[in-house]
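The values are calculated or read from the model by the stated rules, or taken from the named source; none is laboratory data. Computed from a prediction, not measured in an experiment: that's the story for all the values here. In this analysis, Cβ positions are derived from the backbone assuming ideal geometry, glycine residues included, and neighbour counts consider all displayed protein chains. The area values use the complete protein model at the heavy-atom level, side chains included, leaving out ligands, DNA and RNA. Shrake-Rupley method; radii C 1.70, N 1.55, O 1.52, S 1.80 Å.
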Amino acid sequence: MRQAIGGNWLQRLRQAVDEIMAAPASTASDYRSERGGGRFFSDFFMWRRSESIDRFARCPEIVELAAKFMNADEVFLFYDHLLVKEPGTSQPTPIHQDLPYWPLSGEQIISVWVPLDPVTVDSGAVHYVSGSHRWGTVFAPQAFSNDSTYSQQYAEMDLMPPPDADEIQTKHRSIYWDTQPGDVVLHHPLTLHYAPGNSTASVRRRAIAFRYVGSDARYQDRAGHFLTNPNLASILAQIDLRDGAPLRGAMFPRVWPP
Ligand SMILES: O=C(O)CCC(=O)C(=O)O
């Protein structure tokens, strides 16, 4: 969606991101790999610390889009996810679907990816494998970074092995968009997607993905989901939901209707 977000919001979000990066919380990660250089920084659930991110996550510009694309009468914030690739970051975002990382089931689940800088293929535009949400295939997640243990945690799960990026990129069409601040990209939780590093010399690639659910989404307490990562233990400890419960409560605020 082109120019869905106004300039004031973007300025506030950039400032919030710079504050978050200047003093990383325990929920933050640097995704490290052997392909050194640059920095691939991420953080989660920032709305709980940043008033700007909290307000933005509830603003009609973005929440109405989520409601419309999920065909939902009610919208709940699942979480926010910061993904910053600084200039000279060689590390790609591995090909993945989001749902296998999450303790969730349901149909009304969506991500709204909000870039805060101009994004091109050179600075790390996200590529989406066209139609992959309808393949009926759920792939095991792969770690974003070498020091993560995702693969081992998921080894026991009844999923297809992680997707083979070369094979998928050869056989299927991927699409991406150059985006300007104000544009947003929405994707389904089973869409395969990936991104190159940021090979530019000076263009930052700051983006926040806001994840929303509707009332049909359920908490599904399966082994090894992303909230069991040690850096998110403080978040998991605050979630008091039984398996099969709808996402509700202080950790998953209702953001629509206002
Ligand atoms: O920003 C990126 O590089 C990847 C984004 C992503 O994987 C997501 O929003 O689910």
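Tabulated results
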{"item": "Solvent-accessible ranking of LYS68, LYS85, largest area first, probe 1.4 Å", "result": "LYS68, LYS85"}
{"item": "Relative packing of peptides 6-19, 117-130 - highest average C-beta neighbours within 10 Å first", "result": "117-130, 6-19"}
{"item": "Mean Cα-pair separation over length for the chain, i.e. relative contact order, pairs under 8 Å, 6 or more apart, %", "result": "32"}
{"item": "Residue among ALA25, VAL119, TYR176 farthest towards the positive dipole end of the chain, charges placed on Cβ", "result": "VAL119"}
{"item": "Gaussian network model of the chain, Cα within-10 Å springs - most flexible of HIS225, HIS187, HIS172", "result": "HIS172"}
{"item": "Debye, to nearest 20: dipole size of region 1-117, +1 on Lys, Arg Cβ, -1 on Asp, Glu Cβ", "result": "260"}
{"item": "Accessible area in square angstrom per residue, the chain, 1.4 angstrom probe", "result": "45"}
{"item": "SER52, SER234, reordered so the largest accessible area comes first (probe 1.4 Å)", "result": "SER234, SER52"}
{"item": "Prolate/oblate/rounded call for region 15-152, Cα gyration tensor, a/c under 1.5 rounded", "result": "oblate"}
{"item": "Ranked order, TRP47, TRP177, TRP135, TRP256 - accessible area, probe 1.4 Å, largest first", "result": "TRP177, TRP135, TRP256, TRP47"}
{"item": "Shape call, the chain: gyration tensor on alpha carbons, a/c limit 1.5", "result": "rounded"}
{"item": "Net charge over other residues, Cβ less than 10 angstrom from the Cβ of LEU83 (K, R count +1; D, E count -1)", "result": "+2"}
{"item": "Stokes-Einstein D for region 24-72, Kirkwood Rh over Cα pairs, 37 °C, 0.692 mPa s (µm²/s)", "result": "247"}
{"item": "Protein accessible area in region 1-91, 1.4 Å probe - carbon and sulfur %", "result": "45"}
{"item": "Sum of -39500 (n - 2.57) over DSSP H runs of 4+, divided by residues of the chain (222 nm, nearest 500)", "result": "-5500 deg cm²/dmol"}
{"item": "Inter-part distance where region 73-104 and region 131-146 are each reduced to a Cα centre, Å", "result": "12"}
{"item": "Sum of side-chain charges, ILE62 neighbourhood, beta-carbon under 15 Å (Lys, Arg +1; Asp, Glu -1)", "result": "+2"}
{"item": "Neighbourhood charge, 14 Å Cβ-Cβ cut-off, centred on PRO118 and excluding it, Lys, Arg +1 and Asp, Glu -1", "result": "+2"}
{"item": "Fraction in percent of alpha-carbon pairs per bin - 5 Å, region 168-230", "result": "3, 8, 16, 20, 18, 16, 14, 4, 1"}
{"item": "For region 109-250: relative contact order, % (alpha-carbon pairs under 8 angstrom, 6 or more apart)", "result": "41"}
